[in-house]
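Right, one structure below, let's go through it.
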Amino acid sequence: MHHIDVQIEKDVYAANDRLAAANAAHLKEHGVRGFDLLGAIGSGKTSLIERLAPLLKARNLNAGAVAGDVYGDDDFTRVVALGIPAVNANTGTECHLDAHLVEHALEHIDLDEIDILFIENVGNMVCPTDFALGAEKRIVVVSCTEGDDVVNKHPMMFRCCSIAVINKVDLAPLVGCDMDRMEADIRRYNPEMQIFRTNMKTGEGMEALLDAILD
């Protein structure tokens, strides 16, 4: 029985990886660079899109977004308010986006109108790690309010991403969060990872983060 379970799991991941590669090729064909945004509910993924879209516009780059949620359109509504092309991707009972859902979302965006696509995953620090979507980089957003042990509790999330954002730095002293500890934990799990501290309320750290994303 265990052997069958493992084989089915491998088949699911392999099928997803094939679709993710097709998504990547589809984006490249239209000259679009795709970036995954991962992190817990309330970490700042949607706020990151809200901050970066106008900064991209100032660099003559147009953004688009896929807003992933289990249910509802709260994040999607915020993204649409930015005046950028967006698609709402509800997963129903699933705790992550997969390449198949993203493939269908791409059908509803005119890729020739955008340069950058943000794919905001469902707020979850575990499930999304195993499902590639076709983006060139994965960015994980954590907030100080999640506690400075959040990295240590979710090592796979940091191993599968290339950029880490520690958000809500203004709240760190109020909640007793040691950001140095968070950075040390990140480096232990992913020594190559670029780390940025941000305050998305004020925009602190966002230009440097955007430089790294586009690098």
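ASP69: among the acidic types (Asp, Glu), in contact (Cβ under 8 Å) with a residue 40 or more places away in the chain and surrounded by fewer than 21 Cβ atoms within 10 Å (Cβ to Cβ), yes or no?
Yes; evaluated as a whole, the condition is true for this residue.
GLU204 meets the conditions (1) free of Cβ contacts under 8 Å to residues at least 40 places away in the same chain; (2) under 29 Å from GLY92 (Cβ atoms) in every case but one. The failed one is (2). Taken over segment 111-121, the criterion of being surrounded by fewer than 21 Cβ atoms within 10 Å (Cβ to Cβ) and either in contact (Cβ under 8 Å) with a residue 60 or more places away in the chain or in a loop (DSSP other than H, G, I, E, B) (or both) is satisfied by LEU111, ASP112, ASP115.
Where residues in segment 78-97 are buried (at least 16 other Cβ atoms within 10 Å of the Cβ) and β-branched (Val, Ile, Thr), which of them is nearest to LYS57 (Cα to Cα)? Per the criteria, the residue is ILE84.
Exactly one residue out of HIS100, HIS108 is at pLDDT 95 or above, assigned to a helix (DSSP H, G or I) and either surrounded by fewer than 22 Cβ atoms within 10 Å (Cβ to Cβ) or not charged (D, E, K, R) (or both), and it is HIS100. Inside segment 205-215, can you point out the residues that are in contact with a strand residue (DSSP E or B) (Cβ under 8 Å, 6 or more places away or on another chain) and either among the acidic types (Asp, Glu) or buried (at least 17 other Cβ atoms within 10 Å of the Cβ) (or both)? If the condition is that a residue be in contact with a strand residue (DSSP E or B) (Cβ under 8 Å, 6 or more places away or on another chain) and either among the acidic types (Asp, Glu) or buried (at least 17 other Cβ atoms within 10 Å of the Cβ) (or both), then GLY205, LEU209, ILE213 are the ones that fit.
Would you check which residues across segment 55-73 are in a helix (DSSP H, G or I) and either of a type outside the set (Gly, Ala, Ser) or at positive phi (or both) and list them?
Passing the criteria: LEU55, LEU56, LYS57.
Restricting attention to segment 5-54 and to residues that are basic (Lys, Arg) and part of a helix (DSSP H, G or I), the residue that is nearest to ALA135 (Cα to Cα) turns out to be LYS28.
The values are calculated or read from the model by the stated rules, or taken from the named source; none is laboratory data. All values reported here derive from a predicted model rather than from experimental measurement. As a convention, Cβ positions derive from the backbone with ideal geometry for all residues, glycine included, and neighbour counts pool all protein chains shown.
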